[in-house]
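One structure is given here, and the rest of the page talks about it.
The values are calculated or read from the model by the stated rules, or taken from the named source; none is laboratory data. These figures come from a predicted structure and were not determined experimentally. Here the Cβ is made from the backbone with ideal geometry for all residues, glycine too, and neighbour counts use every protein chain on show.
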Amino acid sequence: MKTLIKADRTIDGTGAEPVIGATVAVENGRITGVYTGEVPEAASAGATVLEYPGSTIMPGMIDTHVHLNLPGDGTSLEDAVREPEGVLVATSSFTAARALAGGVTTVRDLGAMGGTVFHLKRALALGHGKGPRIVACGQPITITGGHTWYFGGEADGEVNLRRKVREMVKQGADFIKVMGSGGGTVNTLSWRASYTREEMAALADEAHALDKKIAVHCLCAESIEYAVDAGVDQIEHAGFLIDGKGHQKFDPRVAEKLAKSGTPVTGTLAVAGSAVNAMLAKDKLTPEEEAFLSRWQTLLEDNVEQFRKLREAGVRLVAGTDAGWRFTPFDGLPLEMELMHRGGMSTLEVLTAGTGFAAKVIGIDQEVGTLTTGLAADIIVVKGNPLDDLGALRHLQLVMQAGEIHRSA
Ligand SMILES: [Zn+2]
């Protein structure tokens, strides 16, 4: 099975400028060549040709922060996790299919109940259902009663934390996720670090000893500092909350430290963006919804501003939405990228942050993320030019994963 994909231009995901009039050749699920101009006879003989005038060929998008367990339809975390594990597996199967249909060919799942996402991964590997490639951590490790404790990841103290890391790896974790501060879970403190410096250092040390990356959820400066000092591989959110009322205060000293470490940050700007959009889409708002809207509008502006400051400080930024959380949808990467662009990144930088750089950050760049000969054929074609308008990412002409066509206009 040979396929040639032709469009007006390719954006290869490496950060390179677009190439006009390129053709991507696919055979047996892999990219076998990227040609400008004439395609060699050996590549074109017997090939099916897919032509998309007025369009752009790109690597499939990579969302580095999702929660497949959660529907992303406004349901609160507390309500979603009241369902039994079987329902969460079924929901995950549904959300995975949604992501793939939205051109997201890889997701990294940052926390789920028990073994539910490992079970979904297995079912997809058996060919039962459609979904993106999944890189998963299983249960996020959290302090007793900490953010998302009901997923099963509670552990405290150095000995127990090392054991919990080992347990997650035993269950099949591709990487380790830690809740470095509180979060949206009731009665957790988002503005304080959850683990001590010593505990965070033990977590990073144990993950690395088992050859796994470690990503840490941080909503306050103290948690970012502890994680960076421990030598973790990635920071999620990088918030600067200072109290329980949603007030934030950017800390340039911590930002500079973060930049110097080279640790990439996933902004998850789509969380606030989706919450605001969901309210604005309604005809009439209740007083509670009015308050919800105004709170999230403030958070959105603060988050975009902080994102801009992180970027200016030299922090490396990668695309990830937190899909599943409240109103954040599984096809929300275009929104995330638009907000990243609003936060100061060029459209080319943003597209790289959602493809090639995302693959590098989550450790799968030898398999996917760029239009490179030899990599798996995870490819999308979008109408128009996303360098001019990132909204083009919503107009999918083709979604191909490992050479298989999942959506074609
Ligand atoms: Zn999350």
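One residue alone among Ala99, Ala112 is touching a residue at least 40 places away in the same chain (Cβ under 8 Å), within 16 Å of the ligand (Cβ to nearest atom), of a type in the set (A, V, I, L, M, F, W, C) and part of a helix (DSSP H, G or I), and that residue is Ala99.
For the range 1-44, the set of residues classified as modelled with pLDDT of 95 or more and among the aliphatic types (A, V, I, L, M) consists of Leu4, Ile5, Ala7, Ile11, Ala16, Val19, Ile20, Val24, Ala25, Val26, Ile31, Val34, listed by residue number. In summary, helices (runs of 4 or more DSSP H) completely within the range 219-322 and bearing 3 or more residues that are among the small types (Gly, Ala, Ser) and more than 16 Å from the ligand (Cβ to nearest atom) occur at 252-261, 287-313.
Can you confirm whether Thr48 is within 15 Å of the ligand (Cβ to nearest atom), among the β-branched types (Val, Ile, Thr) and touching a residue at least 24 places away in the same chain (Cβ under 8 Å)? No. The single condition among (1) closer than 30 Å to Phe327 by Cα; (2) touching a residue at least 60 places away in the same chain (Cβ under 8 Å); (3) in a helix (DSSP H, G or I) that Leu203 does not satisfy is (1). Taken as a whole, the structure places Lys130 among residues that are more than 15 Å from the chain's Cα centre (by Cα) and under 30 Å from Leu351 (Cα atoms). Residues in the range 42-70 that are of a type in the set (A, V, I, L, M, F, W, C) and surrounded by 15 or more Cβ atoms within 10 Å (Cβ to Cβ): Ala43, Ala47, Leu50, Ile57, Met58, Met61, Ile62, Val66, Leu68, Leu70.
Just one of the numbered conditions (1) within 16 Å of the ligand (Cβ to nearest atom); (2) free of Cβ contacts under 8 Å to residues at least 12 places away in the same chain is not true of Val361: (2).
Here Ile176 meets each of (1) over 18 Å from the mean Cα position of the chain (by Cα); (2) over 22 Å from Glu312 (Cα atoms) with one exception, condition (1).
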